[in-house]
Amino acid sequence: MEKSKLIWLEQLLLLSLLLTVVAGCSKLSDPNVKSIESAVKTAFTLPDKELMEEVNNPDNAEKIGDVPDNESTTDTSGEKNGIEKSMQERYGDIFTDYGYDKFTLGIASIYPSLAEQSGYQTRVEQIKTKQDKDHPERYRFEVKLNVITNQGEEKKTTMFGKAECNQKEGKIDSLNINDDGGLAQEMSESAAIP
């Protein structure tokens with residue numbers, strides 16, 4: 001009798017372990033989670049010196065946000081400017097066209113500029129992403145950031161956001177930061193803006 005209980009307990013533990021592994025693997029293989037994590041890691045690994053060189057390059061006549069919707073970010077030869085090339089390399093494959101435009105004109109341009117102006121550095125330490133059970137195209141995420149201020153002070157902050165993904169394309173339709181833990185305001189206040 002005791003032996004059968006032990007075998008039953010071993011089988012129950014094995015089944016529990018198997019279900020845990022399967023659940024973990026399915027989350028890791030979700031291309032939307034990978035896209036969300038890639039976008040967040042890229043956008044919040046700051047400063048982004050390469051992007052800011054392009055933004056500050058006088059040869060790039062159009063700056064992010066300065067081009068009306070009915071105009072192009074390409075020059076007369078059909079070449080994209082350096083800013084657009086940099087953004088395309090970083091985010092072009094993981095966003096839909098709509099999501100790309102919204103993200104690059106918002107989060108992906110604002111935070112790098114604030115980091116450069118304030119002298120702040122940020123690194124993503126952890127991202128937790130959870131899919132909405134009722135709406136599988138929606139995700140919530142929590143980001144743990146390591147922040148180094150312009151005074152060299154190291155601290156932690158947590159950001160929260162939402163993303164919506166196009167299930168057919170496997171790309172992000174929208175990615176928003178709902179709460180950045182006061183990071184943008186702090187960088188703005190610390191920025192050396194005359």
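Just so you know, all these numbers are worked out from the coordinates, no wet-lab data involved. From a predicted model like this one, the values you see are computed outputs, not experimental measurements. Cβ placement follows ideal geometry from the backbone for every residue including glycine, while neighbour counts extend to all protein chains displayed.
Each principal axis of the Cα cloud of segment 33-190 was taken in turn, and the coordinate range along them, longest first, works out to 46, 46, 20 Å. Neighbours of LYS171, meaning other residues whose beta-carbon lies under 15 angstrom from its beta-carbon, give a summed charge of -4 when Lys and Arg score +1 and Asp and Glu score -1. Cross-link pairs exceeding 25 Å in C-alpha to C-alpha distance, out of LYS128/LYS168; LYS102/LYS171; LYS85/LYS144; LYS49/LYS155; LYS80/LYS128, comprise LYS85/LYS144; LYS80/LYS128. Under 5 Å from the amide H of LYS171 lie the amide H atoms of ASN166, each residue being 5 or more positions distant or on a separate chain, with H modelled from the backbone and absent for Pro and chain starts. Full extension of the chain between LYS144 and LYS41 gives 36.0 nm of extra length, using 0.36 nm per residue less the Cα-Cα distance. Counting charges near VAL147 (Lys, Arg +1; Asp, Glu -1) among other residues having Cβ under 9 Å from its Cβ returns a value of 0.
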